[in-house]
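K.L.:
One structure, as structure tokens, below. Some questions next.
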2 protein chains.
Amino acid sequence: MSTPTAGARPDEVRRHNRTALLRRLHVDGPSTRAELATELGLNRSTIKALVDGLAESGIVLERVPRARSGAGRPSLLVLPQPQAAVVLAVDIRVEQVAIALVGLGGEMLGRNRWNLHRRSGEPDEVITHIIESTRVLADELDLKIYGVGVSVPGVVRRSDGFVHEAPNLRWRDVPLGDRLRATLGVPVRVANDAEVGALAEHLRGAARGSLDAVYVSADIGIGGGVISDGSALRGTGGYVGELGHMIINPTGRDCHCGSRGCWETEVGELALCRALALSEGTPRGVVIAELRGLRADEVGPRLGEFREWLTLGLVNIVNAFSPELVVLGDLFTALPPSLIAAVGAEVGKRSLVSRAIGGTRVQASTLGTDGKLVGAAELAFEPVLDTV
Amino acid sequence: MSTPTAGARPDEVRRHNRTALLRRLHVDGPSTRAELATELGLNRSTIKALVDGLAESGIVLERVPRARSGAGRPSLLVLPQPQAAVVLAVDIRVEQVAIALVGLGGEMLGRNRWNLHRRSGEPDEVITHIIESTRVLADELDLKIYGVGVSVPGVVRRSDGFVHEAPNLRWRDVPLGDRLRATLGVPVRVANDAEVGALAEHLRGAARGSLDAVYVSADIGIGGGVISDGSALRGTGGYVGELGHMIINPTGRDCHCGSRGCWETEVGELALCRALALSEGTPRGVVIAELRGLRADEVGPRLGEFREWLTLGLVNIVNAFSPELVVLGDLFTALPPSLIAAVGAEVGKRSLVSRAIGGTRVQASTLGTDGKLVGAAELAFEPVLDTV
């Protein structure tokens, strides 16, 4: 944990420690007072005072643990109370929007989703639908919302959640953060979907505990989020990179972004459809079923070219960011495990950086299709844990 | 400046402030006591005590400033004394090694360089030559060396300066840091040349004051160093990326690294020689003269294809790291200014990220061929400023 600077006043120190304790319980789940003391580097009387305060406010509950280990008085188990701080998580995709109400500790308390068609994908329609569905869900469950986190497949200004361009949604200059904040009246954070996915993997998925990892996910487009030295990598003005728009085949196809031969034209959903001889509009479920139904002897002939483009892009990513781990999300999780293993081995051989760092693990996400929702909830919790 | 954490002892605080003051004088040059107090956020009596201590040790000198501004007693000017802390900077390139003795404040007090041929490029030969030349130079100038910084065009383990692979030097598994440390008996830091170049630009060049910048330099190979949120970007185990080995033309040429179509095969020195119809072994000076001698109407026809590859690679770099500035170093500084301007404009149009952040400046380094030496000296000063 970080330490407050010299000269901090006692109430600042207390607030700092309280947030650290809540974050620990939120991310890692129920813990004993003794574990909290050890992991946060605080003495037991400080922990007691903090936990007592949180229990009085109904934010945590304490109970004697069921399984007692060793002799002596057992350390009380501290459990976060989901209803004490609930956030709205929103995952906007090209073909679908999902929302969830997520409680302290990460449990999904309620959820809803709907498909987008041409007209219902307009920004106004999407925003109105999000607000209405949220109200219905919050009323049904009788929950108050403390914050909002939104995942968008586009270029987002983090400071206010302004969406500059979301090429595959055909959105441009949408003040999404301001619109939601004005109506819902709570802090709203909007981020690029790949950054949100990387956050989810880092806090609750395959990249937990990893200091340097890249999350790459496939939907219609390809996004990439980078964890560098334990934090999300952002550039100028907080903007994250757009790894799907790395040009990898200069003589290839035109891309929505106005460039040509971007990586997503070779490994996005449409490329997978081509490889599987499915038409462009094939529903996602059919693509996934087709991928999962491939016989071992079909993988090479049908996905050989796709595999090569996936490998080339990952070689570039590993050569750029030197991660120890690459997590593949969304549609990529339906790829045959043998293909993912082969790609990982090839990247380890062909990347100069990977050879130096002793190889890079390439694996599928284990968060399933909920990854972006999980990440959007964590985005929403960032300011909430300080103030709840 | 960073602040020591709560509970720091007075001597730790004093040491911390002393290093911050020295770093400020080293990087920004002579300053008045009043300026130091304002910029470091310390009161004048603290500054006085620190400066008095440094003056007693002969590390700084104080004098009344020549140009007096305003009424009242002038604030004394504090000047770093170059001889008080001297480091050895080493720039190992494919065809040449340069060394310099650099004093506190960044002044080069002496230098030497020699060309590498096939046999003299062997690691043992290079290391022996560096040590001998350093001894001659230090004896001549009667200087003591406090630390060493080395720039190498390859993949380097930062913790001990072990060179895994330097493809263009044909080096592999060279314990460069240990060898120099054992003989010279002072702290030695070795880093990838692009990281060293980025450090130089960030502290003393075009990227000064920039939080997010990428430095890309062309020698035989292409290297890239990234400054992200004000610090050098490193990945797993401290390894930096290898932007020259981004695959950009999958049907292109074989690369030394074992891959094919790496960016450096399209924009490195050999690619420039091809574009200029020069043979592969053409001396660097001739290549530069040829570039500088191009008439305006020759730039398009002769360098059009090269310009396109340079643009594509920079679009990828901007889409990956979202920098506000790209600094082009080494051989790239000899490119026609009109070509650099055209590349900058194209990157601004074709990169999704650049469009969002309002464009990315692309400009040539102003540090000349000394950039890597300047950066290697700063690398060496990192531990020295704490202990001198």
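K.L.:
Taking the conditions exactly as written (among the hydrophobic types (A, V, I, L, M, F, W, C), surrounded by fewer than 16 Cβ atoms within 10 Å (Cβ to Cβ) and either touching a residue at least 24 places away in the same chain (Cβ under 8 Å) or facing chain A (nearest Cβ under 9 Å) (or both)), does residue B:191 satisfy them or not?
P.N.:
Numbers: among the hydrophobic types (A, V, I, L, M, F, W, C): yes; surrounded by fewer than 16 Cβ atoms within 10 Å (Cβ to Cβ): no; either touching a residue at least 24 places away in the same chain (Cβ under 8 Å) or facing chain A (nearest Cβ under 9 Å) (or both): yes.
No: the conditions fail for residue B:191.
K.L.:
I would also like to ask the following. Is there a residue being out of contact with any Lys or Arg (no Cβ under 7 Å at 6 or more places or on another chain), in a loop (DSSP other than H, G, I, E, B) and surrounded by 24 or more Cβ atoms within 10 Å (Cβ to Cβ) anywhere in segment A:284-306?
P.N.:
Checked against the condition, which is being out of contact with any Lys or Arg (no Cβ under 7 Å at 6 or more places or on another chain), in a loop (DSSP other than H, G, I, E, B) and surrounded by 24 or more Cβ atoms within 10 Å (Cβ to Cβ), segment A:284-306 yields no hits at all.
K.L.:
Next up: Restricting attention to segment B:235-273, which residues are within 20 Å of the chain's Cα centre (by Cα) and either more than 7 Å from every other protein chain (Cβ to nearest Cβ) or over 22 Å from residue A:359 (Cα atoms) (or both)?
P.N.:
Those that are within 20 Å of the chain's Cα centre (by Cα) and either more than 7 Å from every other protein chain (Cβ to nearest Cβ) or over 22 Å from residue A:359 (Cα atoms) (or both): B:238, B:244, B:264, B:268, B:269.
K.L.:
Considering only segment A:288-311, state which residues are within 14 Å of chain B (Cβ to nearest Cβ) and over 18 Å from residue A:270 (Cβ atoms).
P.N.:
Within segment A:288-311, just A:311 meets the criteria.
K.L.:
Under the condition of being modelled with pLDDT under 95 and on the phi > 0 side of the Ramachandran plot, which residue from segment A:230-273 is surrounded by the fewest Cβ atoms within 10 Å (Cβ to Cβ)?
P.N.:
My answer is A:230.
K.L.:
Scan (1) touching an Asp or Glu at 6+ places or on another chain (Cβ under 9 Å); (2) within 14 Å of another protein chain (Cβ to nearest Cβ); (3) in a helix (DSSP H, G or I) for the single condition residue A:354 breaks and write down its number.
P.N.:
For residue A:354, the exception is condition (1).
K.L.:
Please state which one of A:377, A:334 is in the same structural domain as residue A:98 (by TED's automatic domain parsing), under 18 Å from residue A:197 (Cβ atoms) and within 23 Å of the chain's Cα centre (by Cα).
P.N.:
A:377
K.L.:
Answer yes or no: is there a residue in segment A:36-55 that is of a type in the set (Val, Ile, Thr), surrounded by fewer than 16 Cβ atoms within 10 Å (Cβ to Cβ) and either without any contact (Cβ under 8 Å) to a residue 12 or more places away in the chain or over 19 Å from residue A:377 (Cα atoms) (or both). Steps first, please.
P.N.:
Initially, segment A:36-55 is screened for residues of a type in the set (Val, Ile, Thr), giving A:38, A:46-47, A:51.
Still in the list and also surrounded by fewer than 16 Cβ atoms within 10 Å (Cβ to Cβ): A:38.
Now drop any that are not either without any contact (Cβ under 8 Å) to a residue 12 or more places away in the chain or over 19 Å from residue A:377 (Cα atoms) (or both), which leaves A:38.
Within segment A:36-55 (the criterion being of a type in the set (Val, Ile, Thr), surrounded by fewer than 16 Cβ atoms within 10 Å (Cβ to Cβ) and either without any contact (Cβ under 8 Å) to a residue 12 or more places away in the chain or over 19 Å from residue A:377 (Cα atoms) (or both)), the answer is yes, since at least one residue qualifies.
K.L.:
Here is a check on your reading of the model: is residue A:79 farther than 14 Å from residue A:375 by Cα and touching a strand residue (DSSP E or B) at 6+ places or on another chain (Cβ under 7 Å)?
P.N.:
Taking the combined requirement at face value, the residue satisfies it.
K.L.:
Here is a list: B:378, B:324, B:382. Which entry is closer than 30 Å to residue B:22 by Cβ, within 14 Å of chain A (Cβ to nearest Cβ), touching a residue at least 40 places away in the same chain (Cβ under 8 Å) and of a type outside the set (Phe, Trp, Tyr)?
P.N.:
B:324
K.L.:
Follow-up. So which strands (runs of 3 or more DSSP E) stay within segment A:135-179 end to end and still have 1 or more residues that are more than 14 Å from every other protein chain (Cβ to nearest Cβ) and touching a residue at least 40 places away in the same chain (Cβ under 8 Å)?
P.N.:
So the answer is A:145-152.
K.L.:
If residue B:273 satisfies all but one of (1) assigned to a strand (DSSP E or B); (2) more than 13 Å from residue B:313 (Cβ to Cβ), what's the number of the condition it fails?
P.N.:
(1)
K.L.:
Considering each of B:2, B:31, B:69 in turn, give the residue that is crowded, with 16+ Cβ neighbours inside 10 Å, modelled with pLDDT under 95 and over 26 Å from residue B:134 (Cβ atoms).
P.N.:
The match here is B:31.
K.L.:
In addition: On the given criteria, is residue B:339 assigned by TED's automatic domain parsing to the domain that holds residue B:269, assigned to a helix (DSSP H, G or I), of a type in the set (A, V, I, L, M) and under 20 Å from residue B:264 (Cα atoms)? Explain how you work it out, then say what you get.
P.N.:
Numbers: assigned by TED's automatic domain parsing to the domain that holds residue B:269: yes; assigned to a helix (DSSP H, G or I): yes; of a type in the set (A, V, I, L, M): yes; under 20 Å from residue B:264 (Cα atoms): yes.
Here the answer is yes, as residue B:339 does meet what is asked.
K.L.:
Could you check how many residues of segment B:357-375 are surrounded by fewer than 24 Cβ atoms within 10 Å (Cβ to Cβ), away from chain A (no Cβ under 14 Å) and modelled with pLDDT under 95?
P.N.:
Total satisfying the criteria: 5.
K.L.:
Residue under question is residue A:219, and the condition is that it be touching a Lys or Arg at 6+ places or on another chain (Cβ under 7 Å), under 16 Å from residue A:364 (Cβ atoms) and not aromatic (Phe, Trp, Tyr); does it hold?
P.N.:
Yes: the conditions hold for residue A:219.
The values are calculated or read from the model by the stated rules, or taken from the named source; none is laboratory data. Predicted, not measured: the structure shown is a model, and the values here were computed from it. Please note: Cβ atoms are built from the backbone with ideal geometry, for glycine as well, and neighbour counts cover all protein chains shown.
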